[in-house]
Each structure stands twice: as structure tokens, then as C-alpha cells.
Amino acid sequence: MSEAISVKKLQTRASLRRQEIQFNVISIVFLSIVAIVQLMPFWLKLIDATHSPDFLPEVGKVYLWFEAFTLENFWTVIESARLYLALGVSLAHTCGFTLLSLCVVMVVGYVLAKIKFRGRGVVSMLLLATLMIPGEVLLSANYQITIFFGINKNILGIILPGIVNVFGIFLVKQYMASVPDSVLEAADIDGCGELKKIVTIVVPMSVPIIMTYVIITFIGTWNEYLFPMILYSTSGSDSLYTLQLAMQSFYPNFGGNADTYVRSAGMILITVPIIIMYIVFQKYILNQSNIAGLK
Amino acid sequence: MQNNESLEREDLAAENASAEPIGAAPVRGAEGKPKKKPFRQRYKKEILAYSLIGIPLIWWCVFFVVALLWAFATSFTDMRGGYGFDFVHNISFDNYINIFTVGSSQAEAFWNGMKVTVIWTAVMMVGNNLMGILCAFLIKAIRRGGKLFLALLFWPSLVSAVVGADITSTLFQSDNTGVVNQLIIACGGSPVAWFEDPNTAIWALMVVPFFFGFCQKMLIYYSTLVSIPETYEEAASLETSSRFRIFLRVIFPLMKNALVLNTLLSIIDGFKILGPMQLVTDGGPANSTQSVMLLIYKSVFNAPARIGQGCAYAFVLFLFILIVSVFQKLLAGKEESNIE
């Protein structure tokens, strides 16, 4: 029996190889097509953004390469949508939220993972329940609470409500469970306070998860538009518009082709920071096995 | 301090952490009767823990628990403009009754929204998961360039909803300047008014979120695939040379957890879809793209504000999400126990 099988194997080896190559080629072609379909819109946007304002596109023609090339639209959009202002707000919002929530997440995550206190299970359960409820249900209530605190015309209004990031807490907690107790006990014996322990021992040991959390939060906050829009468009504080809001409210301001060119330029501009983040921190973004495990 | 060695290790660590190690001596004497320990000693860990997480917990209570209760209370009122109970004239179940009364305008709007939301969720769930599994499988299977393709295919999921909506409106512009219409013309068809026709609007809206949204699923499937030991596949390849059969019979059953997780995520994300509709069509034409979330958003924040009604919609929607996720959890738990 075994001889027959091995002979058969020898005979089919060549055809197997051919199959293998065929399979690889077809797969790569398919994946390339998907990648191109995903890239195409952005390429078209880029082409659009570099048309000069008085360029009239021919009807029924898709431009795949630069025509009437100019960078003027980028300056126009920065001026007219006041993107420099929005950039400042966006940076303050994103960095402020990421840093503050990181502090909260580290402390709470550490306490839940490493201190065995009465009520730990209850606190964890309550926090976990948050993940079940879509934040959108709370939109109007959160909006009213920010008005109650008087922070609705303030950058704090979009930073403070989400600071206790439950998803982040459990992400960090799960990772911190792997920090060995013996190290922490040794620190105890040396008379180290809890906060000092977190800063000097736990943080250096959880750098990977901190990076993952910071990057995910940064990108998520950068792209956030719903709550800031509700808060600022209803209170009329358009000097506090983030980049997303500045671009979103930009829709009806111009007419004709120049409008679409300028808008495309703005869209490219607000996407570039995310793409740079992605290229630099790819390793952390694509290594999401820890996140998948959590959910 | 040497005497302390008789204590449990944990106690030792805890007591040394306190600012006054000499104070440990009388406690040691009362070791057998912990009730005599002073309060501060007995609840040391609790005091420590709650002093650290106290402020975050209060914060969470304000922006989550209070907000939830507030929204729930609001859903029983006829709160319209203004914010606060000063504006409330009537407290009743009317908002909920309206949703389930056949023929009322609220019921019509809500169930129309549910229809749009369910169509959206179903298409996205099936499409994204199939595409995600396929791409993850191919990326894992090809000899070279897997990492490159993973990186290339994933990045669109990081693009913001505003940019996605802008791309949708560029691609599907109704006149012949839209890219899709130009392609149709090039193929000899006649241009379609995508966002003016109630039948095509929702499908046109779906295309970009579909292509930008399956990446997240793909990544989860990919990390699951990578974590499956190679040996299974090698063992199976002795039996058959068809990769797809190996995948279907051996690998796919091992991915059940990822599948359940991704389905759940798709459903939760789908039920709260709002971005594309709000940014591109604003619910039109003829409410054919008005999802429940957009309806809620409009009733709370648009001009004739009906905050109470909006909150009632939100809680009915939340109930649906809850039922689906509990059902899903039960299903997942059952299957897991079956496998083991």
C-alpha cells in the first residue's frame, strides 16, 4: 500500500508544483486587485486636488494622471477652511484625550489586575457592562451633562466625557496580569508607593500594550466627528472645529469644479497624518492578537 | 522585623508598604483575631485600591451611569427644545407606545429605520466576513508578500468617516461626472442617478464602507489563522492536495471563535450605523437611507427637537442590540462546550 502511495506521489509531484504556482499567482492577482480598488479613490482624490482651479474636466473621462498640476488648492483650503486653527484644536483634542485617558487606563488597569481588594469583581463587571451599551444611546445625555458642567463651548467638552476608556482598561488589565507578582512584592519590601510602582515598574514592563493603546486611541480620536460636531455646531463655537468638522462643514461653501478640487485637497490633508502614523507604527497596529483575544 | 517571618508573605508585603513599619508589631500580636485590627489595617487594600480608582469611577458614573439613567428618564417625557426637566409637561409611556402603534408617524419612521438598518447590517455582516476570511486566507497562503498585502489591505479602515463619505459622493455623483457613472458610460450604459432613486441610494452608500470596513475583520481572522499550529495543515495535506478543502474541513472549524466575534462586532457596528447616511444623503431620498441611529440623531438634535422620543427610540434599539449579543454569546458558549 505504502509503495503505491509513494509512487503516486512521485507522479503527481510535478502537477502539485504547477498547482502551487497557479494558486500563488491567482491569489496575488486577486489581492492586488483588492488593494488597487482600495487605493484608487485616494489616487483619484489626489489627482483631483492638483487640478488648477480653472481646469475644466472633459465629460466622460476619468483622469488617472496629473493634469494642469498645481498645489494652489492646498493653500486655498488651508486658508478658507482655516485648517491651521482646526489643526491646533485637533492636536489638542487628540493628544489631550490620549494622554489623560492613558493615565486613567494605566492606574485603573493596574489596580484591577494586581490589587486583590474586596469589590474587585463587582467593579470589573460594572465596567464591562459599559462595553455592551453603544455610546450613541448616551449622546443626548452626555451632551446635556457637558452643558450642565459648562464645558460645551470649550475644548474640554470633547476631551473629558470619554476619559475613562473601558475598552482600554481591559486591554491594559489583561496585559498587566502577566507582570510577575514577585517584582511588585520586591518593590513593596523596598517601601515603594503604589504610584511610584506604576511609574517605575509597571509602565516600563508594558510598553508594547501602551504603544498599541496610544496608537489606536490617537487614530480613533483624530477621526472622531460625531460628538464634537453635536457639541460645537449646536453651541456655535466654530473656532473650536476639529479638522474633521472643518472639512465636513466645508461642503456647501464653494461652487463648480474649484469646489471639488479644494475639497479633495482638504480630504488629502486630513488623511495624511493618519497614513504617516500607520507607516511608522505599522507593527503595533497590525499586531492585534491581544485585542482580538480581549473581545 | 525578623519576627515577622511567621506572617504570610502577602501580609508582610502589604505591611511593609505602609509608611509606619513599626506599627506592625501590635498587629502581629493580634494575629489570630483579625477583628481587633484597626480599621485602617483591616481595609488597607480596599483603601489603597479605591483611593486610586475612586476618581475614575466617579467620572465613569457621571458620564455613563448618570447619563444612562438620565436618558432613560428622558425617554418617558415629552422633552422638546431646551435641556432640563423645566421643559417637561408630560410624563408617560407615550413615546414607547407610539413606537409600537401601527400607523403612527413615529412607528412608521422607526420601523422604516429598522428596515434600512437591518438591510445594511445583514449585507455588511455577510460581505465583510466573507471578504475578510478570503483575504486573510489568501494572505496566509501565498508564499511571499503576505505581510505587504496585509499592510496594503488594512490601512483604509483607518480613514475617517468624513473622508469616506466624501469619496462616496465623488464616486457616485448622479450626473456624468461621477466616476462610477463614467465607467458605466464607457461600458455603453446610461448614467444612474444613484442618490435620487430610493432603490439605489442605499446600495451606493454601502460600497465604500464595505471596501474600507472588511479590513478590521480580515486582521482578526489573520491573527487567528497565524495562531493555528502548522502541524494541522501538514497532517491534512497528506490526505488531500486541495487547499480549499483543507481550509473548509480543518482550519475553518478552528476559527469559530473569531467568526463569532466578528459577527457580533458586525452586528453591533451595523446597528449603530450613522456616518455615511448623515454625511452623504441625510436620510433621503424618501427616507430610504434613514437608519435608526440617524432617526435618533435627527429627533434629538434637529430643529423640531423631540428629545424624549429620540431617547425612547434609542432604548428600543439598545434592547435589540442586547438581545442579539446575548443570543450570540449563548450560541458561542454552546459551540465551545460542544467542541471540547
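The values are calculated or read from the model by the stated rules, or taken from the named source; none is laboratory data. Since the model is a prediction, treat every value here as computed from it, not as a measurement. Here the Cβ is made from the backbone with ideal geometry for all residues, glycine too, and neighbour counts use every protein chain on show. Only protein heavy atoms, including side chains, enter the accessible area calculation; ligands, DNA and RNA are left aside. Shrake-Rupley method; radii C 1.70, N 1.55, O 1.52, S 1.80 Å.
A few remarks follow.
- Spatially, the stretch A:85-126 and the stretch A:165-196 are offset by 14 Å when compared through their Cα centroids.
- Per-pair calculated FRET efficiency, R0 = 56 Å: residue B:65 and residue B:233 via Cβ, rounded to 0.05: 0.70
- Here the stretch A:83-249 exposes an accessible surface that is 69 percent carbon and sulfur, computed with a 1.4 Å probe and the other protein chains kept in place.
- Simple spin-label estimate for residue A:33 and residue B:192 in nanometres, 7 Å along Cα-Cβ: 1.9 nm
- What you get for the protein assembly as shown, charging only the Cβ of Lys and Arg (+1) and of Asp and Glu (-1), is a dipole of about 1740 debye around the Cα centre.
- Under the Karplus curve 6.51 cos²θ - 1.76 cosθ + 1.60, θ = phi - 60°, whole-Hz ³J(HN,Hα) for the stretch B:195-208, x wherever Gly or Pro sits: 9, 9, 9, x, 7, 9, 4, 5, 5, 5, 5, 6, 4, 5
- Phi-derived couplings, Karplus 6.51 cos²θ - 1.76 cosθ + 1.60 at θ = phi - 60°, listed residue by residue for the stretch B:47-63: 4, 4, 4, 6, 5, 7, 9, x, 5, x, 5, 4, 4, 4, 4, 5, 8 Hz, with x used for Gly and Pro.
- Pairwise Cα inverse-distance average, inverted: Kirkwood Rh of the stretch B:38-157 (Å): 20.7 Å
- In terms of overall dimensions, the C-alpha atoms belonging to the protein assembly as shown reach 95, 89, 55 Å along their principal axes, ordered largest to smallest.
- Accessible surface, 1.4 Å probe, highest first, among residues A:95, A:103: A:103, A:95
- Shielded residues, the stretch A:120-162 - accessible-area loss of 50 Å² or more between chain alone and all protein chains, probe 1.4 Å: A:132, A:133, A:134, A:136, A:137, A:138, A:140, A:144, A:145
- The C-alpha radius of gyration of chain A, expressed as a fraction of 2.2 N^0.38 Å, stands at 1.37.
- Computed over all pairs of different Cα atoms, the Kirkwood value for the hydrodynamic radius of the stretch B:84-212 is 18.6 Å.
- Förster-model FRET efficiency, 51 Å R0, residue B:42 and residue A:52, C-beta, rounded to 0.05: 0.10
- R0 of 25 Å, Cβ-Cβ distance residue A:203-residue A:282: FRET efficiency to nearest 0.05: 0.60
- B versus A: buried accessible surface, summed, Å² (probe 1.4 Å, to nearest 100): 8200 Å²
- For the stretch B:103-339, the calculated P(r), taken from all Cα-Cα distances in 5 Å bins from zero up to the bin holding the longest distance, is 1, 6, 11, 14, 15, 14, 12, 10, 8, 5, 3, 1, 0, 0 percent.
- For A:71, B:68, the ranking by accessible surface with the largest value first comes to A:71, B:68, using a 1.4 Å probe.
- Normalised alpha carbon radius of gyration of the stretch A:83-249 [divisor 2.2 N^0.38 Å]: 1.18
- Percent accessible area from carbon and sulfur atoms, the stretch B:103-339, protein chains only, probe 1.4 Å: 65 percent
- Percent of alpha-carbon pairs separated by more than 15 Å within the stretch A:109-178: 62 percent
- Computed over protein heavy atoms with a 1.4 Å probe, the accessible surface of the protein assembly as shown works out to 49 Å² per residue.
- Computed from backbone phi with θ = phi - 60° and the Karplus coefficients 6.51, -1.76 and 1.60, the 3J(HN,Hα) list for the stretch B:67-77 is 4, 5, 5, 4, 5, 5, 4, 4, 5, 9, 10 Hz; x is used for glycine and proline.
- Among the listed pairs A:114/B:45; B:217/B:329; A:45/B:272; B:217/B:256, those beyond 22 Å (Cα-Cα): A:45/B:272
- Positive-end residue, the protein assembly as shown charge dipole about Cα centroid, Cβ charges, pick of B:59, B:308, A:14: A:14
- Taking each residue as 0.36 nm, the span from residue A:20 to residue A:234 lengthens on full extension beyond its C-alpha to C-alpha distance by 71.1 nm.
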